[in-house]
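Q: Have a look at the structure that comes next, please.
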Amino acid sequence: MKKLTKQSRIVLSELPPYQHGVLNASLAEDIYSQSKNPARALHFLTALLIKDGWTNVQIINPIYHGKNGQLTGQNFRDIYSSDALLFSTITRTAPQTMQLVKKYHEINPGGIAIGGGPDPTFRKEKYLVDGMADIIFRGEADRNLVTLMERLTLSPDDLSGIGGISYRSGSSIIDNEPEPLLSVEELGRVPHPFYDSETRRGVRTAPLETTRGCPNDCEFCSVTKFYGKKFRVKPIQWTLDELKNIDKMGRWIFYSSDNLTGNNHLPESRKTALEMLEAIAKSKYKRKGIAQVTIDVAEYPELVSALGKAGIDFLCIGIESINPAALREMRKPYTAAQNIRNVKLLREAGRWNHGMMIIGFDADTPEIAEATTEYAKESLDSWQPFAPTPNPGTDMYARLEREGRIITHDFSLYDGQHVVIRPKNFTPYALQKTIFDGMEDFYSKKEIARRFVKSKHKLNALGIGAYIHLFGGKRRMLYNPQTRAHLEFLRSVS
Ligand code: SF4
């Protein structure tokens, strides 16, 4: 590899989902597309590089720096002429990211492609061999990115001793030792994410990461595999300073932690969460917030009230199911009765329940699927029914691969909206239809109007209705070209 200098051109890029996973095709949408919420990692990594004295660092995300979500000619020129391309990707955006990295190497054989994020972590060989990346970070890169970049300025052919990376060396792949997760003290020293003016202008919902990890270990989820089971809360001062950093960026704040309050059943953990929420509530930079929490949060009125005081009324909750057997199957540590009771408590307390549920586990039947839609209509403010999605790296992926039940490895379909496995009690097509029919029902004009009348958050209820029906959200989510083609494919699978 060539030697870098602190003046070398470094581009960091993350791509949005595209139809069929084709680089620069039309955007693929889901319910989150409207939030225009930037990815977590690249802005942290940019800040680290700037702090370390790298003078020529640029972020390219086509949502903010391109046109209509696509890379412009200038974006491509900037990427292909860079000395190092740092990319981050999830499974769903892997195909177009690999296309970009391959093209980068074809045009610029001396450039260095360095990847990270969940998908490269769990499929490093794919990126290093087929995807032509040079170096992959496995897990968190905050501690060693600077160490790696410094090494590339000194002795790029010797990457030994840098923990957490894998790289190509001739025809072999070298895996350095894993790197321990960052400690809470280190998380408090990570610089605040850097957002350029285009990103600041384009963001609708500003991300704020206050915690990492999750104490649970659901079968379909890769959070614990990536961020660990040890729940880490950043120092309060870091969170308060970050509120200031993202002031006036977007309208809302998305608390991007996968689990905001963590071990709710432990008094010590609740105390830490309360201190954080109370500090946010007192901050003059507090804004309306969206956060991901587990359903047991409802059992602690002091936490529910503190969320409200911190402006966090909009809760995204992985309820997953009202079928006790399916919850056991997926290793969700909450019961169906707990889900049903706690959703009610949160609604009574004035919180918005965005319920994320999975239909199609082995214990699920068409009758249970129907009951799930009815439950969602009665109890939730917004609903996201998922098909079981085996993202690489999860235990679910390993199991279903072993059982030969994964029917497509087109990872651009791994967004939770598309059926990619052979369920037990449905044909793949029947499950897909069930999920889409449920969404049609939940988001029908009649149901939206019914919820609007009862809702304590009428503006949000109206906004979702307008997105779905007036601004083409339903058409783009459910009836786009890739989804139509996938439905045809599913018809052919028994
Ligand atoms: S509770 Fe949520 S974040 Fe934690 S392992 Fe389960 S799905 Fe993942």
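The values are calculated or read from the model by the stated rules, or taken from the named source; none is laboratory data. What you are looking at is a predicted structure, and each value in this text was computed from that prediction instead of being measured. Here Cβ is always computed from backbone atoms with ideal geometry, including for glycine, and neighbour counts include all displayed protein chains.
Q: What is the residue count in the stretch 82-111 for residues that are closer than 22 Å to residue 195 by Cα and either of a type in the set (Ser, Thr, Tyr) or outside the structural domain of residue 147 (by TED's automatic domain parsing) (or both)? Please lay out each step first, then the result.
A: Quick first cut of the stretch 82-111, residues closer than 22 Å to residue 195 by Cα only: 82-90, 93, 97.
If we keep only those that are either of a type in the set (Ser, Thr, Tyr) or outside the structural domain of residue 147 (by TED's automatic domain parsing) (or both) too, we end up with 82, 88-89, 93, 97.
The total comes to 5.
Q: Every residue in the stretch 69-97 that is in contact with a Ser or Thr (Cβ under 8 Å, 6 or more places away or on another chain), assigned to a helix (DSSP H, G or I) and charged (D, E, K, R), please.
A: The answer is 92, and nothing else.
Q: In the stretch 231-253, what residues are surrounded by 19 or more Cβ atoms within 10 Å (Cβ to Cβ), within 16 Å of the ligand (Cβ to nearest atom) and either farther than 26 Å from residue 321 by Cβ or small (Gly, Ala, Ser) (or both)?
A: 233
Q: Same structure again: Taking residue 209, is it within 30 Å of residue 67 (Cα to Cα), within 16 Å of the ligand (Cβ to nearest atom) and out of contact with any strand residue (DSSP E or B) (no Cβ under 7 Å at 6 or more places or on another chain)? Break it down into steps so the answer makes sense when it comes.
A: Working: within 30 Å of residue 67 (Cα to Cα): yes; within 16 Å of the ligand (Cβ to nearest atom): yes; out of contact with any strand residue (DSSP E or B) (no Cβ under 7 Å at 6 or more places or on another chain): yes.
Considered against the rule, which asks whether it is within 30 Å of residue 67 (Cα to Cα), within 16 Å of the ligand (Cβ to nearest atom) and out of contact with any strand residue (DSSP E or B) (no Cβ under 7 Å at 6 or more places or on another chain), residue 209 comes out as yes.
Q: Another one. Under 7 Å by Cβ, and 6 or more places apart or on different chains, what pairs join a residue from the stretch 240-269 that is touching a residue at least 24 places away in the same chain (Cβ under 8 Å) with one that is among the small types (Gly, Ala, Ser) and part of a helix (DSSP H, G or I)?
A: Close Cβ pairs satisfying both conditions: 240/279; 254/35; 261/273; 262/269; 262/273; 263/269.
Q: Among the residues of the stretch 112-133, write down those that are more than 23 Å from the chain's Cα centre (by Cα) and either outside the structural domain of residue 167 (by TED's automatic domain parsing) or more than 21 Å from residue 393 (Cα to Cα) (or both).
A: Matches in the stretch 112-133: 112 only.
Q: Filter the stretch 212-230 down to the residues that are within 7 Å of the ligand (Cβ to nearest atom), outside any loop (DSSP other than H, G, I, E, B) and under 13 Å from the mean Cα position of the chain (by Cα) and list them by number.
A: Hit for the stretch 212-230 is 223, nothing else.
Q: Which number in (1) within 24 Å of residue 141 (Cα to Cα); (2) free of Cβ contacts under 8 Å to residues at least 40 places away in the same chain; (3) in contact with a Pro (Cβ under 8 Å, 6 or more places away or on another chain) marks the one condition that residue 75 misses?
A: (1)
Q: Given (1) buried (at least 21 other Cβ atoms within 10 Å of the Cβ); (2) of a type outside the set (Lys, Arg); (3) within 23 Å of the chain's Cα centre (by Cα); (4) within 16 Å of the ligand (Cβ to nearest atom), where does residue 277 come up short, assuming only one miss?
A: All conditions pass for residue 277, except number (4).
Q: Please determine, by comparing only the residues of the stretch 329-341 that are away from the ligand (no atom under 14 Å from the Cβ) and not β-branched (Val, Ile, Thr), which one is nearest to residue 388 (Cα to Cα).
A: 336
Q: Let me spell it out: the conditions are (1) among the charged types (D, E, K, R); (2) without any contact (Cβ under 8 Å) to a residue 60 or more places away in the chain; (3) in a loop (DSSP other than H, G, I, E, B), and residue 456 meets all of them except one. Which number is the exception?
A: Every condition holds for residue 456 apart from (2).
Q: So, in the stretch 176-204, how many residues would count as being basic (Lys, Arg) and part of a loop (DSSP other than H, G, I, E, B)?
A: Taking the stretch 176-204 first, the residues basic (Lys, Arg) are 189, 200-201, 204.
Now restrict to residues that are part of a loop (DSSP other than H, G, I, E, B): 204.
Here the count works out to 1.
Q: Going through the stretch 258-274 one residue at a time, which ones are away from the ligand (no atom under 16 Å from the Cβ) and in contact with an Asp or Glu (Cβ under 9 Å, 6 or more places away or on another chain)?
A: As a first pass, look at the stretch 258-274 and keep what is away from the ligand (no atom under 16 Å from the Cβ): 267-268, 270-272, 274.
Passing the criteria: 270, 274.
Q: Can I ask one more? Hey, does the stretch 281-297 have a residue that's within 16 Å of the ligand (Cβ to nearest atom), of a type outside the set (A, V, I, L, M, F, W, C) and part of a loop (DSSP other than H, G, I, E, B)?
A: First, the residues of the stretch 281-297 that are within 16 Å of the ligand (Cβ to nearest atom): 290-297.
If we keep only those that are of a type outside the set (A, V, I, L, M, F, W, C) too, we end up with 292, 294, 296.
From what is left, the residues that are part of a loop (DSSP other than H, G, I, E, B) are 294.
Checked against the condition, which is being within 16 Å of the ligand (Cβ to nearest atom), of a type outside the set (A, V, I, L, M, F, W, C) and part of a loop (DSSP other than H, G, I, E, B), the stretch 281-297 yields at least one hit.
Q: Return a yes/no flag: does the stretch 418-436 have any residue that is assigned by TED's automatic domain parsing to the domain that holds residue 347, at pLDDT below 95 and not in a helix (DSSP H, G or I).
A: Looking through the stretch 418-436, none of the residues is assigned by TED's automatic domain parsing to the domain that holds residue 347, at pLDDT below 95 and not in a helix (DSSP H, G or I).
Q: Sort through 415, 441 and tell me the only one that's surrounded by 18 or more Cβ atoms within 10 Å (Cβ to Cβ), charged (D, E, K, R) and either in contact with a Ser or Thr (Cβ under 8 Å, 6 or more places away or on another chain) or at positive phi (or both).
A: Numbers: 441 fails: surrounded by 18 or more Cβ atoms within 10 Å (Cβ to Cβ).
That would be 415, the only listed residue that is surrounded by 18 or more Cβ atoms within 10 Å (Cβ to Cβ), charged (D, E, K, R) and either in contact with a Ser or Thr (Cβ under 8 Å, 6 or more places away or on another chain) or at positive phi (or both).
Q: Looking for whichever is within 17 Å of the chain's Cα centre (by Cα), surrounded by fewer than 20 Cβ atoms within 10 Å (Cβ to Cβ) and more than 16 Å from the ligand (Cβ to nearest atom) here; the options are 200, 204. Which one fits? Give the derivation first.
A: Values: 200 fails: within 17 Å of the chain's Cα centre (by Cα).
One residue alone meets the criteria, 204.
Q: Quick one: is residue 268 over 20 Å from the mean Cα position of the chain (by Cα) and either under 14 Å from residue 211 (Cβ atoms) or buried (at least 23 other Cβ atoms within 10 Å of the Cβ) (or both)?
A: Working: over 20 Å from the mean Cα position of the chain (by Cα): yes; either under 14 Å from residue 211 (Cβ atoms) or buried (at least 23 other Cβ atoms within 10 Å of the Cβ) (or both): no.
So residue 268 fails the test.
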